[in-house]
Amino acid sequence: MKIIKEYVLEQKNLIKKTVEKYHINKKLVIIQSVSDGATNAYVKGKCKDCDEVGIAHEVIRLDESAHDIDYLVNLIKKLNIDETVGGIIVQLPLFDGWDVERVQNAIDPRLDIDGFHKLTKFLPATPRGMIDYLKDNDFSFPGKNAVVIGRSEIVGRPMAKILLDLNMNVTITHSKTTNSDLRHYLENADLVVVAIGKANFLDKTYKFKENAVILDVGISRIDGHLVGDCENDVQCYFKSPVPGGVGLLTRLGLLKNFIDAQ
Ligand code: NAP
């Protein structure tokens, strides 16, 4: 498997060439509500990615004391018909009590590059990033066993569906799966996607196939360090690192969705 950092760099160069070739000049608008360290870092990362490939961008920051959810929905409606806007991201989390689904469904599905609108034509960025990476590495899907741990709407479920569409035998596990069953499924898995947000949940006591590829989506912070859902040095064929793994693939998935939206 390619080193993810190198793969992402290579793909960004291709995106930059596409932006130049097709004179893509519409901007990505990112609307930010909560302004904590992690959210600021995510927004900053997305702006940096845009700068690197030549996509214009604008960050609109909301103020909880001055704005309410109606203001946000009206803002999105204005952006939907603004000819200079090529994509809209509403950075999560929203302020406490704001209805996420109402906000996400206000975005024109053609501009919803996060892939969260109920009528969206885009894959959510994390599954898209992971699938494109596996395909680029000629991962063989048909008839192979996949275990997806976690069943969220933005990672686990869409990822499981895509893998099923690619003819894998897919097992989805979650918080009610017994540990002995999970260990049994994992021992037979060719691909493991773990997205639960529990630091180092999969440790060296879990056994994987020699050829197993593990994509670690989870992000937790321990003593200021980023940690995945799986220890970085478990025995397997390939395990995506944290940091420097699926987070980078997700950002790439967003850029690709933006290009597809033009
Ligand atoms: P989520 O909405 O936080 O849901 C967690 C899922 O994990 C639920 O389906 C839950 O099962 C399951 N779960 C919890 N404890 C479990 C356990 N002990 N064993 C098995 N399953 C368990 O999920 P998410 O939004 O997909 O986020 C998951 C993690 O990925 C978080 O750390 C998040 O920060 C990270 N993330 C990273 C990226 C990236 O780009 N790297 C992108 C998105 C998310 P139940 O359904 O039974 O409750």
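Observations
- When K121 is tested against the conditions (1) modelled with pLDDT of 95 or more; (2) over 30 Å from D181 (Cβ atoms), the lone failure is (1).
This table checks each residue for (1) out of contact with any Asp or Glu (no Cβ under 9 Å at 6 or more places or on another chain); (2) among the polar types (S, T, N, Q).
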residue: Q11; (1), (2): no, yes
residue: L14; (1), (2): yes, no
residue: K26; (1), (2): no, no
residue: H117; (1), (2): no, no
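- Applying the criterion of being buried (at least 23 other Cβ atoms within 10 Å of the Cβ) and not hydroxyl-bearing (S, T, Y) to the residues of the stretch 232-244, the residue that is nearest to the chain's Cα centre (by Cα) is V242.
- When D68 is tested against (1) more than 15 Å from the ligand (Cβ to nearest atom); (2) in contact (Cβ under 8 Å) with a residue 60 or more places away in the chain; (3) among the acidic types (D, E), just one condition goes unmet, and that condition is (2).
- Pick from the stretch 144-169, criterion assigned to a strand (DSSP E or B) and surrounded by 20 or more Cβ atoms within 10 Å (Cβ to Cβ), ranking: nearest to the ligand (Cβ to nearest atom): I149
- When T120 is tested against (1) within 19 Å of the chain's Cα centre (by Cα); (2) among the polar types (S, T, N, Q); (3) surrounded by fewer than 16 Cβ atoms within 10 Å (Cβ to Cβ), just one condition goes unmet, and that condition is (3).
- Within the stretch 127-143, tally of residues that are acidic (D, E) and either away from the ligand (no atom under 15 Å from the Cβ) or free of Cβ contacts under 8 Å to residues at least 40 places away in the same chain (or both): 2
- So A199, is it at pLDDT 95 or above, in contact with a Ser or Thr (Cβ under 6 Å, 6 or more places away or on another chain) and not hydroxyl-bearing (S, T, Y): yes
- Strands (runs of 3 or more DSSP E) enclosed by the stretch 185-262 - at least 3 residues per element that are within 14 Å of the ligand (Cβ to nearest atom) and aliphatic (A, V, I, L, M): 191-194
- Within the stretch 102-126, restricting attention to residues that are charged (D, E, K, R) and away from the ligand (no atom under 14 Å from the Cβ), the residue that is nearest to R251 (Cα to Cα) is D112.
- Residue match in the stretch 81-91 (condition: within 14 Å of the ligand (Cβ to nearest atom) and crowded, with 19+ Cβ neighbours inside 10 Å): yes
- Top-ranked residue of the stretch 126-143 - restricted to ones that are hydrophobic (A, V, I, L, M, F, W, C) and either farther than 14 Å from A212 by Cα or in contact with a strand residue (DSSP E or B) (Cβ under 7 Å, 6 or more places away or on another chain) (or both), ranked as surrounded by the fewest Cβ atoms within 10 Å (Cβ to Cβ): F139
- Qualifying residue in the stretch 157-175 (condition: under 22 Å from Y42 (Cβ atoms), without any contact (Cβ under 8 Å) to a residue 24 or more places away in the chain and of a type outside the set (A, V, I, L, M, F, W, C)): yes
- For the criterion of being among the acidic types (D, E), touching a Gly at 6+ places or on another chain (Cβ under 7 Å) and surrounded by 14 or more Cβ atoms within 10 Å (Cβ to Cβ), D229 passes.
The values are calculated or read from the model by the stated rules, or taken from the named source; none is laboratory data. For clarity, every value in this text was computed on a predicted model and none was experimentally measured. No Cβ is skipped: glycine too gets one built from the backbone with ideal geometry, and neighbour counts run over all protein chains shown.
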